[in-house]
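The next block holds one structure in the form of structure tokens; read it before the comments.
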Amino acid sequence: MKRIAVLTSGGDAPGMNAAIRAVVRAGLEKGYEVFGVEQGYTGLIAGRFRPLGARDVGGILQRGGTMLGSARCPEFKEHDVRLKALHELGAKGIDGLVVIGGNGSQTGANALSAMGFPVVGVASTIDNDLYGTDVSIGVDTALNIALENIDRLKVTASSHRRAMLVEVMGRDCGYLALMAGIAGGAEAVVIPECETDPEIVATEIRRAYARGKPHAIVVVAEGAKPNAHGLAQYVHEQEARLGFELRVTILGYVQRGGAPTFADRMLASRLGSAAVEQFAAGNHGVLVGIRNGEIATTPLPEVVAGKKQIDAGLLELARVLAK
Ligand code: ADP
Ligand code: F6P
């Protein structure tokens, strides 16, 4: 193997830049030429490659986002479109591709790998819904941003004796909501993995006031059914009966835009470098992640087929600590 390429795909995640830097510098150390692909799979099928040297990735370690750009590229699901990608990789003489991204991106990586091209995935998504890794690049930063905002909302909620619904991202996964709920001291957590009756959420809020709390914070995952808007509508319609005032804050994209924390810089540096190690050892077709603090590889077909489960013990912890 002489030439490798790296791309970032799907929703950007804080730490992607640190991972790009690690792939480039670890790749140079192994004697590879390294190329960056612009805008994920969109750039791959358009042949938008640029050589990356050690200085080209200087000053990005501490920056959120991705210097290569990212994209959603639905047409990559088509076999013929992926053939075009293989053609572009061949034309540039690339022998291996590192795909930094989440669930969808690793599904694309698996499809490319199944067509015979050496691919290694790096786990990166704020959603933490990727099978094969305990935690993905970007999760820690997104959670810290959510916590900073929950802390602020608690202050104003207490002043007005209000209830606050805080909606966090995570697509179909409740991980961010559950963890932000525990570490942010929420009175309730609403996630897609558990069925939610709005009346039960309202009852939890009323109980919190009855226990003498000056506020009630409910962290809601964007994928929950009902989501924050649905829950708020229910409460507003019944405000006179329920006896509390409620406001909604959708955190949205602010969770993706932060500078990576120490944990994300370290994780990205380790995973990016480990991806290169895979190629150097003659391995590919795997996702590089972290399990029990150690680098762990999982075959891409397993990653795509697997479903990450929510920890029932943490759900119980959220309930107990909300007293
Ligand atoms: P993430 O990687 O953050 O989960 P997406 O789900 O949007 O983000 O996926 C990113 C990209 O991965 C998609 O826009 C598409 O290009 C590619 N992708 C997703 N699913 C598939 C699939 N089944 N086959 C091939 N490529 C896919
Ligand atoms: O996958 C990361 C994520 O931020 C999800 O939490 C969210 O549902 C989605 O991306 C938003 O996607 P887009 O950037 O395409 O609006």
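The values are calculated or read from the model by the stated rules, or taken from the named source; none is laboratory data. Not measured: the values here are computed from a predicted model. Don't worry about glycine lacking a Cβ; one is built from the backbone with ideal geometry, like all the others, and counts go over all protein chains shown. Quick note on the areas: whole protein, heavy atoms, side chains included, nothing else; ligands and nucleic acids left out. Shrake-Rupley method; radii C 1.70, N 1.55, O 1.52, S 1.80 Å.
Quick look at the values:
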{"read-out": "Accessible surface of the stretch 2-124, 1.4 Å probe, proportion on carbon and sulfur as whole %", "value": "50 percent"}
{"read-out": "The stretch 141-256, relative contact order in percent, only Cα pairs under 8 angstrom and at least six apart counted", "value": "38 percent"}
{"read-out": "E148-R48 FRET efficiency (beta carbon distance; Förster radius 35 Å; 0.05 resolution)", "value": "0.45"}
{"read-out": "Amide H contacts of A123 (H built 1.01 Å from N, under 5 Å, at least 5 apart or other chain)", "value": "V288"}
{"read-out": "Long-range amide H partners of E167 with built H, under 5 Å", "value": "V220, T249, I250, L251"}
{"read-out": "Cα pair distances in the chain, grouped into 20 Å bins until the bin that holds the longest one, percent each", "value": "33, 47, 18, 1"}
{"read-out": "Calculated FRET efficiency for the pair V155/N292, C-beta based, R₀ 30 Å, to 0.05", "value": "0.20"}
{"read-out": "Computed Kirkwood radius, in angstrom, where 1/r is averaged over Cα pairs of the stretch 43-156", "value": "16.3 Å"}
{"read-out": "Protection-proxy order for peptides 291-298, 278-285, 37-44, each taking the mean of Cβ atoms within 10 Å per residue, highest first", "value": "37-44, 278-285, 291-298"}
{"read-out": "Point-to-point label distance, T249-K84, nm (Cα→Cβ direction, 7 Å offset)", "value": "4.4 nm"}
{"read-out": "Accessible area in square angstrom per residue, the chain, 1.4 angstrom probe", "value": "42 Å²"}
{"read-out": "The chain - percent relative contact order, Cα under 8 Å, separation 6 or more", "value": "24 percent"}
{"read-out": "Karplus (6.51, -1.76, 1.60) ³J(HN,Hα), θ = phi - 60°, over the stretch 82-92, in Hz, Gly and Pro reported as x", "value": "5, 4, 4, 4, 4, 4, 5, 5, x, 4, 8"}
{"read-out": "Beta bridges per DSSP with both ends in the stretch 1-115, % antiparallel, nearest 5", "value": "25 percent"}
{"read-out": "Cα centroid separation - the stretch 74-149 against the stretch 195-272, whole Å", "value": "29 Å"}
{"read-out": "Estimated inter-spin distance, L317 and A240, nm [label 7 Å along Cα→Cβ]", "value": "4.4 nm"}
{"read-out": "Rh by Kirkwood over Cα pairs, then Stokes-Einstein D for the stretch 141-256 at 0.692 mPa s and 37 °C, µm²/s", "value": "240 µm²/s"}
{"read-out": "Charge sum, other residues only, whose C-beta stays under 13 Å from A280's C-beta, Lys/Arg counted +1 and Asp/Glu -1", "value": "-1"}
{"read-out": "Estimated vicinal HN-Hα couplings, Hz - the stretch 215-232 in sequence order (Karplus 6.51, -1.76, 1.60; Gly, Pro = x)", "value": "8, 9, 9, 10, 8, 10, 6, 4, x, 5, 10, x, 8, 4, 5, x, 5, 5"}
{"read-out": "The chain: calculated mean residue ellipticity at 222 nm from DSSP helix runs of at least 4, using -39500 (n - 2.57)", "value": "-13000 deg cm²/dmol"}
{"read-out": "Sum of side-chain charges, I45 neighbourhood, beta-carbon under 14 Å (Lys, Arg +1; Asp, Glu -1)", "value": "+1"}
